[in-house]
Amino acid sequence: MTSPATTGQHQSITRELRQWIASQTAEGHGRDAVLQAMLAAGWSHQLATEALTETPSAAVRVPWPEAAASSLRLDAGDRQVAISTVMRTPDLLVLENLLDADECLALIAAARPRLRRSLTVAVETGGEEMHDDRTSDGMFFTRGESGLVATIEARIAKLLDWPVENGEGLQVLRYGPGAEYKPHYDYFDPAEAGSATILARGGQRVATLIMYLQEPVEGGATVFPDLRLQVVPRRGSAVFFSYSQAHPSSQSLHGGMPVLAGEKWIATKWLREREFV
Ligand code: PD2
Ligand code: ZN
């Protein structure tokens with residue numbers, strides 16, 4: 001696969017490049033393969049991903065509730081969820097009362113006996129490993145494993161207009177004093193050897209929803225360093241962000257700041273491009 005040559009120092013998306021991308025995707029080449037061919041031909045990452053996004057057959061669809069542009073709240077099926085912050089490019093929402101206090105407490109009670117020291121994805125192998133960047137304890141529910149989990153998953157699917165099947169199982173994390181999650185990206189780096197195994201289970205992660213089940217006494221904000229934004233954890237509220245590019249240009253770098261006092265509990269739902277199996 002050879003991409004058209006670049007347009008020199010000041011690159012711009014040409015008609016030829018657009019047509020070439022469309023023809024490659026029509027032939028069944030994946031988005032990442034097309035991207036790699038453009039990079040090999042000297043196109044900048046930013047321009048190559050913009051060209052992919054602008055070519056409908058190669059664009060990655062990500063969850064985004066269109067009503068967030070003008071509404072004060074979103075329909076989540078069994079409840080209305082209030083929006084308190086909206087950001088575009090990158091796309092981010094802060095949502096209030098996504099969960100009620102009873103649901104938060106019930107999730108914590110169900111997760112507590114199953115907590116283990118959190119692992120991170122081992123990018124070289126596609127497996128998991130313990131890492132100092134992540135000092136919380138955690139567990140995964142399987143999709144739909146209880147009535148409560150299924151209710152919350154259906155609410156998220158309606159809210160974000162994204163199929164329940166495309167979601168990973170809900171992850172619950174507990175951070176005690178001193179625990180943190182250093183800034184990272186939630187997508188899988190396609191260049192890493194272990195990513196092929198992970199991506200085979202439903203494609204790339206395209207969005208993250210972090211729901212706050214319990215607020216700590218001090219510390220523990222979710223921080224977005226590129227945006228200079230901190231989201232303060234409040235029981236029942238959530239932060240949602242999507243990333244159509246598996247690249248730092250997505251500006252989706254985020255971390256959990258150290259908890260200084262008390263315990264912070266969250267539940268995270270990661271959304272994939274396709275059905276997660
Ligand atoms: O707990 C957080 O604030 C946090 C920060 C970064 C959670 C996640 N990432 C995550 O669950 O991916
Ligand atoms: Zn994260």
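The values are calculated or read from the model by the stated rules, or taken from the named source; none is laboratory data. Small disclaimer: the values here were computed from a predicted structure and weren't measured. As a convention, Cβ positions derive from the backbone with ideal geometry for all residues, glycine included, and neighbour counts pool all protein chains shown.
Run down Thr49, Thr85, Thr53 and say which single residue is touching a His at 6+ places or on another chain (Cβ under 7 Å) and either at positive phi or outside any loop (DSSP other than H, G, I, E, B) (or both). It is Thr49.
Comparison of Glu180, Glu215 shows that the only residue that is more than 16 Å from ligand 2 (Cβ to nearest atom), at pLDDT 95 or above and acidic (Asp, Glu) is Glu215.
Could we say that Ala67 is in contact with an Asp or Glu (Cβ under 9 Å, 6 or more places away or on another chain), within 29 Å of Val164 (Cα to Cα) and without any contact (Cβ under 8 Å) to a residue 60 or more places away in the chain here? So Ala67 passes the test. When each of Gly194, Gly255, Gly262 is tested for being among the small types (Gly, Ala, Ser), modelled with pLDDT of 95 or more and more than 10 Å from ligand 1 (Cβ to nearest atom), the lone residue that passes is Gly262.
Considering only residues in the range 195-212 that are touching a strand residue (DSSP E or B) at 6+ places or on another chain (Cβ under 7 Å) and away from ligand 2 (no atom under 16 Å from the Cβ), the one that is farthest from Ala101 (Cα to Cα) turns out to be Gly203.
For the range 7-17, the criterion of a residue being crowded, with 16+ Cβ neighbours inside 10 Å and outside any loop (DSSP other than H, G, I, E, B) is satisfied by at least one position.
Scanning the range 160-177 for residues that are more than 16 Å from ligand 1 (Cβ to nearest atom), surrounded by fewer than 21 Cβ atoms within 10 Å (Cβ to Cβ) and part of a loop (DSSP other than H, G, I, E, B) yields Asp161, Pro163. The sole residue among Ser244, Ser250 that is away from ligand 2 (no atom under 14 Å from the Cβ) and modelled with pLDDT under 95 is Ser244. Filter the range 159-169 for residues that are out of contact with any Asp or Glu (no Cβ under 7 Å at 6 or more places or on another chain) and within 16 Å of ligand 2 (Cβ to nearest atom) and give the result. Passing the criteria: Glu168, Gly169.
Within the range 253-275, residues that are more than 14 Å from Gln230 (Cβ to Cβ) and assigned to a loop (DSSP other than H, G, I, E, B) reach partners that are small (Gly, Ala, Ser) and more than 16 Å from ligand 2 (Cβ to nearest atom) with beta carbons closer than 7 Å, at six or more positions or on different chains, in the pairs Glu263/Gly176; Glu273/Gly202; Glu273/Gly203; Arg274/Gly202; Arg274/Gly203; Glu275/Gly202.
Anything in the range 60-70 that is surrounded by 15 or more Cβ atoms within 10 Å (Cβ to Cβ) and either more than 26 Å from Gln204 (Cα to Cα) or not aromatic (Phe, Trp, Tyr) (or both)? List them, or say none. Residues satisfying the conditions are Val60, Val62, Pro63, Pro65, Ala68. Evaluation of Gly262 against the conditions (1) crowded, with 20+ Cβ neighbours inside 10 Å; (2) more than 13 Å from the chain's Cα centre (by Cα); (3) within 22 Å of Thr135 (Cβ to Cβ) shows that the sole unmet condition is (1). Looking only at the range 178-197, residues that are surrounded by 20 or more Cβ atoms within 10 Å (Cβ to Cβ), of a type outside the set (Ser, Thr, Tyr) and not in a loop (DSSP other than H, G, I, E, B) come to 0 in all. Taking the listed residues Ala157, Ala150, Ala200, Ala109, the one that is within 30 Å of Arg31 (Cα to Cα), surrounded by fewer than 17 Cβ atoms within 10 Å (Cβ to Cβ) and of a type in the set (A, V, I, L, M, F, W, C) is Ala200, with no other qualifying.
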